[in-house]
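Trainee: Here it is, the structure, as structure tokens.
Only the coordinates and a few stated rules stand behind these numbers; no lab work does. Because the structure is a prediction, the values reported are computed rather than measured. Cβ sites come from the backbone with ideal geometry, for glycine too, and all protein chains shown count toward neighbours.
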Amino acid sequence: MEFQTRKEANATIVTITGRLDAVTTPDYETRVRALIAGGDKCLIMDFAQLDYISSAGLRGLLVTAKLLKASGGAIRFANVGGNVKSVFDMSGFVSMFPIDDSVAIAIGALA
Amino acid sequence: MIKVEHLSKTFGPVTVLKDITVEINRGEVVAIIGPSGTGKSTFLRCLNLLEMPSSGSIHVNGVDILDRKTDVAKIRQKMNMVFQSFNLFSHLSALDNLTLGPVRLLGMSRAEARSRGMEFLRMVGLAEKWRHFPDELSGGQKQRVAIARCLAMNPDVILFDEPTSALDPTTVSEVLAVIRRLTSEGMTIAIVTHEMAFARDVANRVLYMDQGLIYEEGTPQQIFENPQKERTKAFIDRVRSFSYRISSPDYDLYAMNAEIEAFCQKQILPIHTRQTLLLLIEELLQIYPPYLGSAVLDLTIAHSEKKASLEVMVESTGAPANPLESGEQPDDMGLSIIRNLSDRIEYSRVGNKNRLTVLMKRM
């Protein structure tokens, strides 16, 4: 799992590459907690490069959403496709979180 | 094209082939399947005269190839063979492996042989490796060079003797893709293989060999979906399985995944099916951490080619309890994914173990 961030407009784009599973999610959580503790409040999770997610990864995303909510922030997901989209569908994530077709749309929605 | 009558082969007191009578027609793709040790490879080697039959006859295009006056080298050139173990010349580059036969046996000029050799290497996707020696190539690449070498001899028939058996599972598909291409181009092929899905897919006719005989033959549909004889049914219905034991909460998920992927590749399961299986297994194993400190888990994946089904069974030691109903999961997400990926989930207590059997949905 690779975790990369960049700032665009008022948002922080978090690009996750590879897998979010029982092995990699603890590392993801550590990094995202540091990000939020550092003051980032609007996160856009770009999943264009995410190949695989399991319920362990979904729990990591839930933790992210809760932390952001507590700090008055927001989270949006972009480029959710393939297997990742299937898991989002199965778990009901699609109805719980805003999902956009692209990072640009997500940025626009946060503006 | 090839007519075999009452062929038998004995090695000392052992009779390997009893009484083989079969015809292979031009342009046919004949898959030869069956348990190990039933004479499949010996049969191919007899066709190519790498083994001399003990009795019977083989006619190729009307010529009796067992006649002493027959030019055996010519027969082998027209009925070329691809071996399990590649049999490349290790001191020659990929291209030189391809040019040796045409120059020495077909009397081709070196320039023409090299030009054609490059064409065949290109056809098997290895043109850029022409300078490489066999030791510098992967198993799959070596086998593709061996196939190209075979084609360079202008054969009328190619005999494949378990061409993927010695390969790493990750390279099986690249070799099968090349063979598949040859079948679609009208080449006459006889292939001994354990890749049942491949045989079913590319063959016009399937010979099921058992006990030194062609025990049953038919179209892929007849043999794989409606075999008539008992031993054929038993062979086709067999289930291939993979087992993995987990005895620590700190088990290596990725090492296990790599082994599961290798198993799936061997079964030629599509990538999407593999990924779904890996997800299902990860979710199932997520249920067990409360038990893993004290229990041992045995994971079994069973693949039935006939039913095209995948079943995952997890057996755990410990007190009787359905792990799915333990209530110890942090939420329902994992269970929800498991249910979505499954057609059937069953819990049973077998001996001193809790057994969870999950039939994966066809995705």
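Trainee: Amide H neighbours of A:Leu50 under 5 Å, at least 5 residues apart or on other chains, H built in the peptide plane: list them.
Mentor: Excluding prolines and chain starts, which carry no amide H, the hits are A:Gly18.
Trainee: Mind checking which lysines have their Cα closer than 30 Å to the Cα of B:Lys9? Skip sequence neighbours fewer than 8 apart in that chain.
Mentor: B:Lys18, B:Lys40, B:Lys69, B:Lys74, B:Lys78, B:Lys229, B:Lys233
Trainee: Could I ask something else about it? I want to check the label-to-label distance for B:Phe89 and B:Ser109. Put each point 7 Å from Cα in the C-beta direction and report it in nm to one decimal.
Mentor: About 2.1 nm separates the two model spin labels.
Trainee: Amide H of B:Met108 versus every other amide H placed in the peptide plane: which residues, excluding those fewer than 5 positions away on the same chain, fall under 5 Å?
Mentor: B:Val103
Trainee: When the Karplus curve 6.51 cos²θ - 1.76 cosθ + 1.60 is applied with θ = phi - 60°, which whole-Hz ³J(HN,Hα) does each residue of segment B:46-56 get, with x for Gly and Pro?
Mentor: Rounded to whole hertz, the list is 5, 4, 8, 6, 6, 10, 8, x, 7, 7, x.
Trainee: Let me ask something else. Going by amide H atoms built from the backbone, whose H comes under 5 Å of the H on B:Met81, apart from near neighbours?
Mentor: The answer is B:Leu159.
Trainee: Cα to Cα, under 17 Å, and not fewer than 8 places away if on the same chain: which lysines meet these conditions relative to B:Lys142?
Mentor: Within reach: B:Lys129.
Trainee: Applying 1/(1 + (r/R0)^6) with R0 = 22 Å to the Cβ-Cβ distance of B:Lys74 and B:His6, what FRET efficiency is obtained, to the nearest 0.05?
Mentor: On the way: r = 24 Å, r/R0 = 1.11.
Approximately 0.35, to the nearest 0.05.
Trainee: Read phi for every residue in segment A:72-87 and hand back ³J(HN,Hα) as whole Hz from Karplus 6.51 cos²θ - 1.76 cosθ + 1.60, θ = phi - 60°, with x for Gly and Pro.
Mentor: Once θ is set to phi - 60°, the couplings for segment A:72-87 become x, x, 8, 10, 9, 10, 10, 6, 8, x, x, 5, 5, 5, 4, 5 Hz.
Trainee: Each residue of segment A:47-55 in order: what ³J(HN,Hα) in whole Hz does its phi give by Karplus 6.51 cos²θ - 1.76 cosθ + 1.60, θ = phi - 60°, with x for Gly and Pro?
Mentor: 9, 4, 9, 8, 8, 8, 9, 10, 4
Trainee: Using the Cβ atoms and a cut-off under 14 Å, what net charge is assigned to the surroundings of B:Thr42, where Lys and Arg are +1 and Asp and Glu are -1? Can you show the working numbers first?
Mentor: Details: positive: B:Lys9, B:Lys18, B:Lys40, B:Arg45; negative: B:Asp19, B:Glu51, B:Asp161, B:Glu162, B:Asp210.
Its environment carries a net charge of -1.
Trainee: On average, how many beta carbons from a partner chain sit within 10 Å of the beta carbon of a residue in B:324-337? Don't skip to the end; give the middle numbers.
Mentor: On the way: counts 0, 0, 0, 0, 0, 1, 4, 5, 3, 12, 6, 2, 6, 8.
Taking the mean over all residues of the peptide, I get 3.
Trainee: Follow-up. If you take the beta carbon distance between B:Ser57 and B:Ser243 as r and set R0 to 60 Å, what does 1/(1 + (r/R0)^6) give as a FRET efficiency, to the nearest 0.05? Don't jump to the answer; show the numbers that get you there.
Mentor: Numbers: r = 47 Å, r/R0 = 0.78.
The formula returns an efficiency of 0.80 here.
Trainee: In nm, to one decimal, how far is the B:Arg349 label point from the B:Leu100 one, both placed 7 Å along Cα→Cβ?
Mentor: 6.7 nm
Trainee: Also: Sequence neighbours fewer than 8 away in the same chain don't count; with that in mind, list the aspartates and glutamates whose C-alpha is under 14 Å from A:Lys66.
Mentor: Correct list for A:Lys66: A:Glu29, A:Asp40.
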